[in-house]
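Where a number appears in this text, it was derived from the coordinates with a stated rule and is not lab data. None of the values given here were measured: they were computed from a predicted structure. When we count neighbours, we look across all protein chains shown, and the Cβ atoms used for this are built from the backbone with ideal geometry, even at glycine.
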Amino acid sequence: MGSPQGGRLVRDTARTGDQWFRLLLAAMAAAVPFVIGTMVVALIAAAWPAILRFGARFLITTTWDPVASQFGVLSFVYGTVVSSALALLIAVPLGLGVSIFLSELVPGWLRTPISFLVELLAAIPSVVIGLWGIFVLVPWVRTTAEPALQASLGFLPLFRGPPLGLGLLTAGLILSVMVVPFVVAVSTAVMRAVPTAQREAAQALGATRWETTRTAVLPYARSGILGAIFLALARALGETMAVTMVIGNVAQIRVSLFAPAYTIPAVIANEFAEATGDLYVAALVYAGLVLLVVTVAMNALARLLVNRVVQGPSFIAE
Amino acid sequence: MDPRYRLRRGMDQGMTLVCFLCTLLVLTPLVLVLTFLAQTGLSALNWDFFTKLPGAAGEPGGGMANAITGTLILIGLAGCLGIPIGVLGGTFLSEYPQTQVSRISRFAADVMNGIPSIVMGLFAYVLIVLPLRHFSALAGGVALGVMLIPTVMRTTEEVVRLVPQSVREAALALGIPQWKTTLRVVLPTATAGIVTGIMIALARIAGETAPLLFTAFGNRFWNRSILQPIAALPLQIFAYAISPFDDWHRQAWAGALVLVAIVLVVNVGARYATSRQVRLR
Amino acid sequence: MQVMRVRLMVLALAIMLLGGGLSTVRAQSPVILNGAGATFPYPLYSKWSQVYAAEKGVQINYQSIGSGGGIRQFIAKTVDFGASDGPMTDEQIAQAGGRVLHIPMVAGAVVVTYNVPGVTSGLNFAPDVLADIFLGKVTKWNDPRLLQDNQKAVLPAADIVVVHRSDGSGTTNIFTNYLSKVSPQWKTQVGEGPSVNWPTGLGGKGNEGVAGVVKQTPYALGYVELAYALTNKMALGYVRNKAGQFVPPTLSSTSRAVDGALASIPQDFRVFFTNPDGKDAYPIAGFTWILIYGEQPDPVKGKALVTFLWWATHDGQKYAPTLLYAPLPKSLVARIEQTLKTMTAQGAALLP
C-alpha cells in the first residue's frame, strides 16, 4: 500500500501535514515496544538483589525457605509445566473438536451463539472459577475421578497415591477450562482462513465433509493450530488465582498426578502481599521475570506460527 | 450401497458426533459455574445492591454501587489512554505496513497480549503510585489502559486494512491531503469495526483484579477525584470472597454475576453492531 | 442508519469518558484517611469505617492487601497508616526512617480445626504433639500420644492430612511463632514467619482455602482464624496452655490470654504474646496493629488520624466482640493513650 501516487499532486503544506501525521501515528505505534522495554528493565531492577545472590542456581534448586532466605524455583517450574501440559492435553483435542464443529460442520445460525458462549467462558473472573473448583470440582475429583483412574490405570506411577482431590490433576482440569476458549478462538479463525477453493477441490474429488476437513483444511491450518496451542500454553503458564486454589500448594516434585504441587504464578500470588525483606521480594520478582521470559517466548513463537496462516489477528475481532 | 462408501459416510457422521460432543463438553463447565454463581449470589441481588455503599460486616444490606461506578470510571480512564494510542497506532500499522516501526510494533503488541496482568499492575505502581505517593484511580486506569493498547491496535489495523483501496484513491484524487483522507474518510468507514474491537477489549479488562490491587487500591466510599483511590467490582469481590461472613460471600457472588452480565451485554452489543455492518455491506 | 448507530456508540463512549474526567472537578471535601494491610481485621475496620463516617464525617478507607503489603506501603508512605498482624522488624523501622508507632487494635486467636468422621469439637492437643503433627512426626490419628490426651474419643487408624495456609499471612505468623516457642525442633528446623518452608502438608489459599480442604477431606487437620472457624461451625481443638489446662478457643479465653501476657508486653507493644501465663488463657493468640508515624507531616490529617485511633481504642472496641475479635483490656488502653499523646505534627502535639 504505502503512500499512494496521488500524493504528488498535493500542495507542499499538505505534505508537511502528512509528515507530521505520519510521525504522530508512528509514535503511537512505537509506544508498545517502548512499554515492554520499560517493563523488562523495571522488573530486572526489582529482582536485582536475588539475581546477584542466586544467579542461575535459582532455576535448578528446589529449596524455597523464606525464613532462611534460601530461594530456588525448580519445583514451581515443574508444577507450572506439568499442570499446563496436562491442561493442553485436555483442552487441545476438545478445542479442536469445537473448532472443526464451528468452522466446518455447524449450520450458520448456530455458529454465532456457540462461539459467543465459548467466549463467555473466558469472561468469568478467575477467582470465581477457583472457588467453584474448591467447592465443586475438588470433591468430585477426590470421590469419583481419582478412584476411577486408580482402579483402571493404577499400575502406572502417574495414578498412584492417596486421592486428595487437590493436586496436579485438578489443576490441569481447571486450567483446561480456562484455556479452551483461546484454543477455540484461534484455531477457528485459522480454519476459516483456509481458502474455500481448498475445500471445493477436495469435495470435487468426492470427499465427505470429514475427509475434506482432514485432508484439505487441517494440513493447511497446521502451523496456525500449533500457534493456537502455544498461545494457550502461554495462558496456562500465567494463570494464577484458579490454580492456586486447587493445586495444593506444596513445593515438591512427584511423579504422581494425584500429588499436590505448586506453580510460579501461584507462589507470587500467595506470598507477594505478605513478603517482607528485600531479598524475599526480589526473589518473587525474579520468579515473575522467569515467568515473563517464558510466556513472551511462547507468545512470540505462537504468533510466528499463526501468522504463517492468517495475516492479522482476525480472531481478535471475531 | 458400496460398503467402502458406507464406512466413509459412517466415519463422517461419527466425527460430526464427536465434534458435537466436544462442544457440549466444553460448554458444560460454563453452565456449572453459572449455576454455582446463581445459587450463591442471586439472593443478594436487589435494588440496594446497585444503589448503596457497602455495608458493614455481620449486618445484612448494603451494596456495591461505588464499585460498579468505579469499574465504569476505570474503564473510561483506561479508554482515554488505550483507545487513542491503540486506534492511531493501529492505523499506522495498516497504512504503513512495511516500515520497520510497523513490524516491530506489530510483533510487540502480540507479545504484550500475553504478559501476565499482575506485571501491568506493578508497572503502573512504579510509574505512577510511587512518584505521586498515593494510590489513585489514575494509576488503575493506566494499568488497564496499557492492557487495552495491543488488542485495540491489532483490531484497528485489521479493520482499517479492509477499507477498499478505491475509497482512499477517490479521496486523494480530489486533492485531499493524505492525513485528512485517513482521518476523515478511511477511519470513519471503518468505525463500526473499530468500535466493536474496542468494546470487546474493554469487556476483557473489566474483570481484572491483579493490576488494580496496587494501583486503584479500592475505596469504601464514593471516589471524589481521579487522584484518590477508587473502588472496583473485582477488588470488592476479592475482599468479600476471602472474608469469614456468609452475607459477604453472597455479595461477592452477586458481584461476580453482575460482572459477567456486564461483559455479556458489551459482547452482545458489539456483535450486534458488527452483524449490522456485515449485512449493510 | 449505520452512521447514526456508530455516532450513538461513540457518543456513549464519550459520555463514559467524560464521567471519569468530571469526577475530578468535584470539590475536595471531607478528610480521607487511606490505610492498607492485614486481611484479618478487615471486617472490623470496615465496620469502624462505616460508623465513623456517619458519626464524625471522616472517611477511613481501609483495604486488605496483606500485612507485608501494608508494611511496604507504610514504608513507601503511599498510605496514611499501615496495618499488620506481625510487628515490624528493626530493619524495617530503620527503612521507614521515622518514629514508628505500633498501636494494638484488637486480639485474635488461631484455632486448630479438623475433620474426623464421628468426632466433634473438643479433641485435646498437647503443644509438643501439635508441633510433631506439623513436623510430620505424628502421622496417624491413633498415635499413642494423641490417644493419651483423648481417652474418651474414638480415633481411627487413618493418616492425618495436614493442611496449612499457602499464602503468607499473620495467622501463619502467630501459629509458627507459637510452635517455635513450644518445640525446639520446630524452632531450628522451620522457624517462624508469615510464610515458612513446611515440612509436610497441603497448602490452602486463605482461610477459606484451608477451611474448604479441611471440611471436604476426611481426616484432615488445619489451622484457621477463630472468627472464621466460629462463623463456619468447624470442629475446634482444645490446646494445652502453659498452666497445663486444655483450653477451648473462645473470645473470653483469648481475652484471658491478653490479660496473662500484659506484664510482659513491652512499651512499644511489638510482641507476639503466644503461650502466655494464666489458667484459662488460650495459648495461640496475637494482636493486630495499626502502624503510624509519630511525627505526622500534615497537621489536619494527623489530627484526624490520632482522633480516629483514640476512638477505635475506646468507643470502637464495643464493635469487636460481635465480629469475634477480643477487645483490648482497660489497662492496655491506658498505656496506648500515653503513646498516642506523643504524636506530633510540625512540632506541635496533636493531643492535649
Chain C: angle of helix C:251-261 to the longest principal axis, Cα-based, in degrees nearest 10: 90
In range of the label at C:Asp159: residues from the stretch A:60-79 whose backbone nitrogen is under 18 Å from the point 7 Å along Cα→Cβ: none
Per principal axis, descending, Cα span of the stretch C:96-242 in whole Å: 57, 34, 27
Pairwise FRET efficiency - B:Glu169 versus A:Thr38, Cβ, R0 = 35 Å, nearest 0.05: 0.30
Entries of C:Lys137/C:Lys187; C:Lys47/C:Lys330; C:Lys303/C:Lys341; C:Lys77/C:Lys301 with Cα pairs more than 19 Å apart: C:Lys47/C:Lys330
Degrees separating the helix C:170-182 axis from the principal Cα axis of chain C, which is the longest one: 30
Cα-based Kirkwood hydrodynamic radius, the stretch B:197-276, one decimal, Å: 14.0
Cα-based Kirkwood hydrodynamic radius, the stretch A:153-302, one decimal, Å: 18.2
Kirkwood hydrodynamic radius (C-alpha pairs) into Stokes-Einstein, chain A, 20 °C and 1.002 mPa s, D in µm²/s: 95
Tilt relative to chain C, helix C:42-56 - C-alpha long axis, 0 to 90 degrees, to 10: 40
Axial C-alpha extent at least 30 Å, average Kyte-Doolittle at least -1.0 - helices from chain B (DSSP): B:3-41, B:65-95, B:137-161, B:246-280
Normalised convex hull volume, the stretch B:36-157, alpha-carbon set, Å³ per residue: 154
Burial order of peptide ranges A:72-78, A:191-197 (average beta-carbon count within 10 Å, highest first): A:72-78, A:191-197
Alpha-carbon radius of gyration plus Dmax, which is the widest Cα pair, for the protein assembly as shown in Å: 29.6, 104
Counted charge near A:Leu257, where neighbours are those whose Cβ lies closer than 10 Å (Asp, Glu -1; Lys, Arg +1): +1
Equivalent-ellipsoid semi-axes of the stretch C:220-266, from the Cα gyration tensor, Å, largest first: 23, 13, 9
Label-point separation, C:Asp90 to A:Ser223 (7 Å along Cα→Cβ), nm: 6.4
Helical segments meeting 15 Å axial Cα length and Kyte-Doolittle -0.5 threshold in chain A (DSSP H): A:12-54, A:74-100, A:108-123, A:168-192, A:218-238, A:278-307
Projected label distance in nm at A:Ala151 and B:Phe50, using a 7 Å step from Cα toward the beta-carbon: 5.0
Difference of contour (0.36 nm per residue) and Cα-Cα distance, C:Glu337 to C:Lys187: 50.5 nm
Relative compactness, the stretch A:18-100, computed as alpha-carbon Rg over 2.2 N^0.38 Å: 1.79
Estimated distance in nm for a label pair at A:Leu158 and C:Thr200, the labels positioned 7 Å out from Cα along Cα-to-Cβ: 3.0
Cross-link reach list, lysines versus C:Lys233, counting only Cα pairs under 17 Å and skipping chain neighbours closer than eight places: C:Lys215
Chain A, helix-only ellipticity at 222 nm - DSSP H runs n ≥ 4, -39,500 (n - 2.57), divided by all residues, nearest 500: -22000 deg cm²/dmol
Mean projected area (nm²) of the alpha-carbon convex hull when the stretch C:215-316 is viewed from all directions: 9.1
20 °C / 1.002 mPa s Stokes-Einstein diffusion coefficient of the stretch C:81-182, Kirkwood radius on C-alpha pairs, µm²/s: 130
Alpha carbon convex hull of the stretch B:1-68, projected area averaged over orientations, nm²: 7.3
Chymotrypsin sites (Phe, Trp or Tyr not before Pro) lying in DSSP loop within the stretch B:172-281, provided at most 16 other Cβ fall within 10 Å: B:Trp222
Residue-averaged [θ]222 nm for chain C, counting only DSSP H segments that reach four residues, each worth -39500 (n - 2.57): -12500 deg cm²/dmol
Ranked A:Arg53, A:Arg303, criterion: other C-beta atoms within 10 Å, fewest first: A:Arg53, A:Arg303
Ranked C:His164, B:His134, criterion: other C-beta atoms within 10 Å, fewest first: B:His134, C:His164
All Cα pairs of the stretch B:137-281, percent lying beyond 27 Å: 41
Zone of A:Gln198's modelled label, taken as backbone nitrogen in the stretch A:70-113 under 14 Å from a point 7 Å along Cα→Cβ: A:100, A:103-104
Binned Cα-Cα distance frequencies in chain C - 10 Å width, integer %: 5, 23, 30, 19, 12, 7, 3, 1, 0
All lysines inside 16 Å of C:Lys279 as judged from Cα atoms, apart from same-chain residues fewer than 8 positions distant: C:Lys242
Neighbour-count order for B:Cys80, B:Cys22, fewest beta carbons within 10 angstrom listed first: B:Cys80, B:Cys22
Rg/Rh for the stretch C:26-147, where both radii come from Cα atoms and Rh is the Kirkwood radius: 1.16
